[in-house]
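Chemist: Dropping the structure in here first, questions after.
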Amino acid sequence: MLFLKRIRRGGLGRRGGASGEGSLLRSDGAEGLWATSGGLGLQGITKRFGELEVLRGVSLEVHRGEFFTLLGPSGCGKTTLLRIVGGFEVPDAGRVVLGGRDLTHLPAHRRPVNTVFQNYALFPHLTVYENVAFGLRSRGFPEAEVRARVEYALGLLHLEGLLHRYPQQLSGGQKQRVALARALVNEPEVLLLDEPMSALDAKLRAEVQVELRNLQRRLGATFILVTHDQEEAMAVSDRIGVMEGGRILQVGTPEEVYERPRTRFVAEFLGVANLIPARRGKGGVETPWGTFALEVPWERGFLAMRPERVEVHLHAVPGSVPARVRQVIYRGAYLEAFLEPSLRVRTALRLSPDQEIFVRLPVKGLVVLHE
Amino acid sequence: MTRAVALSALALLYLPMLAVALFSLNRTRHGLGWGGFTWEWYLRLLQNEAVLEATRNTFLLALLSTLLATLLGTLLALGLERHPFGRRFRGFLETLLYLPVVTPDLILAAALVVAFGFLRQAFSLFEPGLPAMVVGHVTFQVAFVALVVMSRLQGLPRELDEAARDLYATYPVYLRRVLLPLLTPGIVAGAMLAFTLSLDDFVISFFTAGPTSQTLPLLIYASARRGVTPEIHAVSTLIFLLTVLAVLGGERLTRRSV
Amino acid sequence: MNRLLVWYGELTTAPSLFLRGLLLVLPGMVWLLAFLVLPGLVLLPLSFAERGAFGEVVWTFSWENYRRLLGFGVLGYSPDNLLALLRTLWVALVTTLICLLLAYPIAFFIRSKPRAQRYLWLSLVLIPFWTNIVIRTYAWQLLLAPEMPFARLASALGLLEPGMALFPSTLAVYVGMVSAFLPFMVLPLYSSVERLDESLLEAVRDLYGGPWRVFLHGVLPQTLPGLTVGVILTFVPAMGMFVVPDLLGGAKHLLVGNLIQQAFYTMRDWPYGAALSLVLVLLTLLALRLYRRHGKEVELA
């Protein structure tokens, strides 16, 4: 029960500050916590359900205090990976290490990890207060302390008025915040969030994303989020791990995975990407849009470029190639155009179908895809 | 047309009870002539040793058998719904549970008579009488309790169990603070069903009762064969009214819990 | 070492999980095996045994009980038992049919009520369902007594000698049986009727016209699940009924239920009772099998 001792009781003293800038959960702020020693390590996790291999040797390092997102389509194994960390599945092979301690075969109720479930899983027979107090009571905290901590957590999530409501009397957004409070009040070393926003409508989701991100920063806690929504992942994460077919394809900051996708899947899953067939030639990489000085690991393969990276010109410039506008979609802030030969671009220029234009692909925006 | 048939069919169900209620208020002791209104027969019930004894037995039997059946049935449901048995074993247990539900009560009674007959040679508990009747009632109640509790368990999402364990609950804490409270409506519903089934039973009691363990249905049956008294009309009317209250109350309860 | 697994959030191993599950189901399982399954199975060998002089069981192998059942008694041939068997089948069938014919109007009648009222009307069916069968049956004795209007009407019409009761009689048995089992038919049927798709009925009405065709092509196929449950819930206990024929039927209208009751209760002849019980179960299963085969045809039509 080592982790019990780690819970800081000092945080309570700072409750007075209405701004709440001091953290109940960790007094040492968010910065400077990127020491791997306190982080979560997954080492060669394998899991199969019957014939189906859900995870194929996943290794991953999540830093302490980091907001990490597992992003992927449904069935990619991201939820299973999260459940393995939470203690709801046992991996067939591999280890889960947290702060140097092996959790792999520790039962869920002894892990310093808490989960916000997809459908929140609030206890229907308990009030909001009792739901949030559940974890503390399970660990035998004195009632006075339970009260203080629960009230603080409820305040943190603006739930003060709902203390005595039952879950079925709450809106979706309220339920979600109760689920968050119920998990956070335990000061977990890692908070796991399994698609917590999938049940909210689009507008609320955007608000909650900001709130969640702020909360995580403020508490300096380690959050691991599972989602299939790439915009959500980009909005909240320090780093994203893109998963597919039971593997992690790429790990990086939102900017890295967006701007420098390593594979075709990552490029296409995160936003729109132009896939440009290419061939290694004498002067560099040959494409329908010109030859570029790039190092490629293959004879034939693909380059990728985001539509907004493509330069669109009304007149020829050095290095540009002529193209014809096939279709134009008005997106408000910009125009999206489909060109012939096949290319998607975003531009502020007013284009119309059948117009002859010139495009240039800046080599900086070209990404070499490895698979 | 539909309406006429439906109403007369419903009348078919209620007419006899109406007659019984009417004659429970008839002053005439013998025969069916109308002798004027009286509460006398209801008051006499309070002094009728046989009726009082039968009432005591009926409720004692229902209470004991329900307690036992609720315990066994709940354990069965927990075992079956929250443990991964192989398909065969699970199928076997499910068949076992449906057996008392689909077996005609007369056959169940025959089986019990045979079972008690053989067991009697070893244990005096199985002499005809209240203990044997309790065993008989539990045998058909268990399945109903288990099925009701199981359906409640199936309605509880697995995430609730996981959330409890995620929030540091050990198995006993999880049982006490999550599973049992959530299961209580199912257990209560199962127990109420078992209790009602026991009160309602005639056949099993008939075959397993001893001389000192007469229940109300047995008493009424015996009188119906010998010749009924107005007191029997009074008892029957009371039981009927009790049933009406129970059904309406139960309806309320289930509608609220939905 | 056993492989760990997590079951409903609990870290455990398959054997220990199995063990705990087994401990939980064991009491109930043993109980049902001891008092229902085992004695039920014993009925088979028992039916080939013989009754001793003091009601004890003499374990032999003889077809005597089954011969008796077919009418070859100690006192020569008498078809009474065989007739009782056939009568049981017939009475159960007719009871089921009448219940069916009455249940449809009731179900549609309740459905025609506003939603808020339906509970109340349904309760009207539920109350007899939960009222003790003995009370409901003896109440018919009272209602069919000579002094009561039904008997008087019958004798005024010359159908009954004055001063006689309408029971014991076949009619009384049917009346008792139908009122005993009607709720068993209405409840499952209503749950099907409530879900009936109104637009489909409209379509059938447009296509075929007549109410009979609407019923056959619209209502029947859609209510078949409830109907099947209702038929089973009515037919199976009707086959084993003995209270109603006992109180309303008298000696001329014995059903198998009465014979079983007499064998176990009055004569203490268990082997014969066992034989009767087995035949009853067999007949019931056979009839249900025929019904289900036939039921499939209805579904296809």
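Chemist: Inspect all residues belonging to region A:250-257 and state whether any of them is among the charged types (D, E, K, R), within 19 Å of A:Lys364 (Cβ to Cβ) and assigned to a loop (DSSP other than H, G, I, E, B).
Modeler: no
Chemist: Take region C:272-283 and flag every residue that is at the interface with chain B (Cβ under 10 Å from one of its Cβ atoms) and open to solvent by less than 10 Å² (accessible area, probe 1.4 Å).
Modeler: C:Gly273, C:Ala274, C:Leu276, C:Ser277, C:Leu280
Chemist: Here's a follow-up. Restricting attention to region A:102-124, and to residues there that are without any contact (Cβ under 8 Å) to a residue 40 or more places away in the chain and surrounded by fewer than 21 Cβ atoms within 10 Å (Cβ to Cβ), which single residue is nearest to the other protein chains (Cβ to nearest Cβ)?
Modeler: Out of the qualifying residues, it is A:Pro107.
Chemist: What number of residues within region A:59-102 are within 23 Å of C:Trp7 (Cβ to Cβ), within 20 Å of the chain's Cα centre (by Cα) and assigned to a strand (DSSP E or B)?
Modeler: So the answer is 2.
Chemist: Could you tell me how many of the residues in region B:98-141 are under 22 Å from C:Val229 (Cβ atoms) and within 8 Å of another protein chain (Cβ to nearest Cβ)?
Modeler: Adding up the residues that qualify gives 9.
Chemist: Among the residues of region B:83-97, write down those that are hydrophobic (A, V, I, L, M, F, W, C) and either more than 7 Å from chain C (Cβ to nearest Cβ) or open to solvent by 60 Å² or more (accessible area, probe 1.4 Å) (or both).
Modeler: B:Phe89, B:Phe92, B:Leu97
Chemist: From B:Leu160, B:Leu180, B:Leu175, grab the single residue that is closer than 26 Å to A:Leu136 by Cα, facing chain C (nearest Cβ under 10 Å) and without any contact (Cβ under 8 Å) to a residue 24 or more places away in the chain.
Modeler: B:Leu160
Residue-wise test of (1) at the interface with another protein chain (Cβ under 9 Å from one of its Cβ atoms); (2) touching a Ser or Thr at 6+ places or on another chain (Cβ under 8 Å); (3) surrounded by fewer than 21 Cβ atoms within 10 Å (Cβ to Cβ).
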residue	(1), (2), (3)
C:Val94	no, no, yes
C:Ala103	yes, no, no
C:Phe108	yes, yes, yes
C:Arg118	no, no, yes
C:Glu147	yes, no, yes
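Chemist: Can you confirm whether C:Ala154 is assigned by TED's automatic domain parsing to the domain that holds C:Tyr291, out of contact with any helix residue (DSSP H, G or I) (no Cβ under 8 Å at 6 or more places or on another chain), surrounded by fewer than 24 Cβ atoms within 10 Å (Cβ to Cβ) and not basic (Lys, Arg)?
Modeler: yes
Chemist: Conditions first: (1) modelled with pLDDT of 90 or more; (2) part of a loop (DSSP other than H, G, I, E, B). A:Val132 passes all but one, so which condition is the exception?
Modeler: A:Val132 satisfies all of (1) modelled with pLDDT of 90 or more; (2) part of a loop (DSSP other than H, G, I, E, B) except (2).
The values are calculated or read from the model by the stated rules, or taken from the named source; none is laboratory data. For clarity, every value in this text was computed on a predicted model and none was experimentally measured. With ideal geometry, Cβ positions are generated from the backbone for all residues, glycine too; neighbour counts draw on all protein chains shown. Remember, those area values only see protein heavy atoms, side chains included, never the ligands or the DNA or RNA. Shrake-Rupley method; radii C 1.70, N 1.55, O 1.52, S 1.80 Å.
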